Ligand code: SF4
Ligand code: SF4
């Protein structure tokens, strides 16, 4: 069978075997939940609860504070202890969080719609918004915005990113095996919202059991399950769209420019729970894995649970554990404390051992990074220009097209951290450009 793919990319050790056979465990709701108001891309939500207020599971505690923003809900039933500043791993600084002490079993506050099958496209979009659903692949972009592109963008295709191409992570794989009916129902709801007749589910060839299982239950031609080559970053939007449809998203463009919307496995399942079961987004699945973890696991945990609790559930850290990463090793963020709460976008916790290979410092012009780059860029040059603060030149070399996949840094024999330099250069360039307006 021909496997679909894209140009470039790398083959890091998959390491999926550590957790892929572990059935999903549901972690008890935490005794104390730390829920960031910045639990999505865009403006942090506006807090609508006070200290000492009783809240129910699913009750709104934050309302959107702008067009790109989202609702935030209590993940437990209890008392608001504090509205406090807590270290936010993505922002790299303390941010406002609602600290809730759980006092009883869940007493749910459900979303208030009825007869979901009779809801219009607009009403379904409102449910997705009210449920606080964001891109659960990690980007945390509000889903109700993504599912409502401007009128002049004609969408004809939905693609579900089921590649899960990051090493170690296996939660989407397990969800496709264990919650496949919810997944397929979620896809049908998203198709109704987008009013498209065709959707594709892109599964990497290292998840053959999930591919076969989905194919056996889909039961219609509207949803086609496609097998992708196992290669990193197969799940990046532009690479996925090209592999499945052959369409190329233009430089600086978005999937909607080629008539496509991409959604993640868990986002689609969350939409099913919101629309059908009337449950807002208060929990997510994630993988806790890596050579530094005693018992790698796939877990469903409430938003606001700390990394500590998840590591404990997975048998604790090994003595030789060196690096804890929120997410996978390619695009995740290394953290140096374990009391950090998980966000809606936390797809995993990866714990690695100390690296053994010697580290060189200088570029030896081997061009491995150029061959690996899925965007056809010259990463060594972007690194150089970024470090020399030649931002305009870096932009004309494609700086803004970099999808920050980390393939270049992974493959580099000199262990050069291109992504850190590129991310910083993008930020500075955008700030300078904003200042010039
Ligand atoms: S330059 Fe950007 S897109 Fe290319 S490999 Fe490096 S991180 Fe990925
Ligand atoms: S892979 Fe590393 S050493 Fe090789 S050209 Fe790229 S930056 Fe230089």
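The set of residues in the stretch 344-373 that are surrounded by 15 or more Cβ atoms within 10 Å (Cβ to Cβ) and either more than 16 Å from ligand 1 (Cβ to nearest atom) or closer than 22 Å to residue 317 by Cα (or both) comprises 344, 345, 346, 347, 348, 349, 350, 351, 352. For the stretch 342-370, the tally of residues that are touching a helix residue (DSSP H, G or I) at 6+ places or on another chain (Cβ under 8 Å) and touching a residue at least 60 places away in the same chain (Cβ under 8 Å) stands at 4.
Scanning the stretch 274-294 for residues that are crowded, with 24+ Cβ neighbours inside 10 Å and assigned to a loop (DSSP other than H, G, I, E, B) turns up 280, 281, 282, 290.
Of the listed requirements (1) away from ligand 1 (no atom under 16 Å from the Cβ); (2) at pLDDT 95 or above; (3) surrounded by fewer than 18 Cβ atoms within 10 Å (Cβ to Cβ), residue 341 misses just one: (3). Set side by side, the residues 92, 70 differ, and just one is closer than 28 Å to residue 332 by Cβ and exposed (fewer than 15 other Cβ atoms within 10 Å of the Cβ), which is 92. Report whether or not residue 190 is buried (at least 21 other Cβ atoms within 10 Å of the Cβ), in contact with a helix residue (DSSP H, G or I) (Cβ under 9 Å, 6 or more places away or on another chain) and farther than 30 Å from residue 206 by Cβ. Spelling it out, it is not the case that residue 190 is buried (at least 21 other Cβ atoms within 10 Å of the Cβ), in contact with a helix residue (DSSP H, G or I) (Cβ under 9 Å, 6 or more places away or on another chain) and farther than 30 Å from residue 206 by Cβ. Is the stretch 255-263 home to any residue that is surrounded by fewer than 21 Cβ atoms within 10 Å (Cβ to Cβ) and under 26 Å from residue 410 (Cα atoms)? Looking for residues that are surrounded by fewer than 21 Cβ atoms within 10 Å (Cβ to Cβ) and under 26 Å from residue 410 (Cα atoms), one finds none in the stretch 255-263, hence no. Only helices (runs of 4 or more DSSP H) whose full extent lies in the stretch 328-424 are considered here, and the ones with at least 1 residues that are within 10 Å of ligand 2 (Cβ to nearest atom) and not assigned by TED's automatic domain parsing to the domain that holds residue 134 are 368-372, 379-387, 407-411. Restricted to the stretch 399-430, and to residues that are over 24 Å from the mean Cα position of the chain (by Cα) and within 13 Å of ligand 1 (Cβ to nearest atom), which residue is farthest from residue 232 (Cα to Cα)? Only one residue tops the list, namely 416. Taking the conditions (1) closer than 25 Å to residue 332 by Cα; (2) part of a loop (DSSP other than H, G, I, E, B); (3) in contact with a helix residue (DSSP H, G or I) (Cβ under 8 Å, 6 or more places away or on another chain) in turn, residue 138 satisfies each one other than (3). Yes or no: residue 433 over 21 Å from residue 234 (Cα atoms) and in a loop (DSSP other than H, G, I, E, B)? Taking the combined requirement at face value, the residue does not satisfy it. Quick check on residue 230: is it surrounded by fewer than 22 Cβ atoms within 10 Å (Cβ to Cβ), in contact with a helix residue (DSSP H, G or I) (Cβ under 6 Å, 6 or more places away or on another chain) and either closer than 28 Å to residue 333 by Cα or modelled with pLDDT under 95 (or both)? Criteria met by residue 230. For residue 376, are the conditions met, namely being touching a strand residue (DSSP E or B) at 6+ places or on another chain (Cβ under 8 Å), within 24 Å of residue 229 (Cβ to Cβ) and within 16 Å of ligand 1 (Cβ to nearest atom)? No, not satisfied.
Within the stretch 91-107, being outside any strand (DSSP E or B) and farther than 29 Å from residue 278 by Cβ holds for 91, 92. Every condition in (1) within 13 Å of ligand 1 (Cβ to nearest atom); (2) modelled with pLDDT under 95; (3) in contact with a helix residue (DSSP H, G or I) (Cβ under 7 Å, 6 or more places away or on another chain) is met by residue 387 except one, and the failing one is (1).
Flag set for residue 333, criterion: at pLDDT below 95 and within 16 Å of ligand 1 (Cβ to nearest atom).
The values are calculated or read from the model by the stated rules, or taken from the named source; none is laboratory data. Quick caveat: nothing in here was measured; it's all calculated off a predicted structure. Cβ sites come from the backbone with ideal geometry, for glycine too, and all protein chains shown count toward neighbours.
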